[in-house]
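As structure tokens, the structure follows; a few thoughts come after it.
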Amino acid sequence: MTRCMPALTTPLVAASLLLLALAGVASADKGPGFVVTGRVYCDPCRAGFETNVSHNVEGATVAVDCRPFNGGESKLKAEATTDKNGWYKIEIDQDHQEEICEVVLAKSPDKSCSEIEEFRDRARVPLTSNNGIKQQGIRYANPIAFFRKEPLKECGGILQAYDLRDAPETP
């Protein structure tokens, strides 16, 4: 015995398909979105990299800054604060293919580790979907650090253990 679908089912299926199509159009109008995430730490040895005495900075403020390749005014400035593990997350709602975007240190809550060094205070991050990166909109920035004004006493021995004799001079 063959049973037929009730007449009510067909309009219900059509309405469901229409709602799905409208949801797809609404999300397509929104454009590409990105989540920029990364970590901020304190570099108590002023080494320029993490050591065993480095620690994450909770409550630090960072900003995403996007500016045109040829210079000029910033096109985007978005801020975030780090969590207890030093991680931040910033949501960006548009593509910035024609711009250079960087995560930049803004403020440290730790007065003993709050110095910002030029050129070491930022991490470049691509905010475009036209670059071959398959990360579902997530962009990971390299860790960036605040520095102590004076290195810890034990830093000399710590850095000697890294055997940096063949390393190039720092800028």
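The values are calculated or read from the model by the stated rules, or taken from the named source; none is laboratory data. These numbers were taken from a predicted model, which means no experiment stands behind them. Because the Cβ atoms are built from the backbone with ideal geometry, glycine has one as well, and the counts that use them run over all protein chains shown.
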*Kindly indicate the residue of segment 56-74 that is free of Cβ contacts under 8 Å to residues at least 60 places away in the same chain and surrounded by 15 or more Cβ atoms within 10 Å (Cβ to Cβ) and also nearest to Ser108 (Cα to Cα) among those meeting that condition.*
Thr61
*For segment 67-118, how many residues are touching a Lys or Arg at 6+ places or on another chain (Cβ under 6 Å) and at positive phi?*
1
*asked:* Filter segment 84-108 down to the residues that are surrounded by fewer than 14 Cβ atoms within 10 Å (Cβ to Cβ) and assigned to a loop (DSSP other than H, G, I, E, B) and list them by number.
replied: Lys84, Asn85, Asp93, Gln97, Glu98
*How many of the residues making up segment 50-83 are basic (Lys, Arg) and part of a loop (DSSP other than H, G, I, E, B)?*
1
*Of (1) touching a Cys at 6+ places or on another chain (Cβ under 8 Å); (2) crowded, with 18+ Cβ neighbours inside 10 Å; (3) β-branched (Val, Ile, Thr), Ile144 satisfies all except one. Which?*
(1)
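Which residue out of Pro109, Pro143 is more than 16 Å from the chain's Cα centre (by Cα) and modelled with pLDDT of 95 or more?
On the way: Pro143 fails: more than 16 Å from the chain's Cα centre (by Cα).
When all the criteria are applied, what remains is Pro109.
Rundown of residues vs (1) among the hydrophobic types (A, V, I, L, M, F, W, C); (2) within 24 Å of Tyr162 (Cα to Cα), yes/no style:
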{"position": "Asp43", "(1), (2)": "no, yes"}
{"position": "Asn70", "(1), (2)": "no, no"}
{"position": "Lys75", "(1), (2)": "no, no"}
{"position": "Ile116", "(1), (2)": "yes, yes"}
{"position": "Thr128", "(1), (2)": "no, no"}
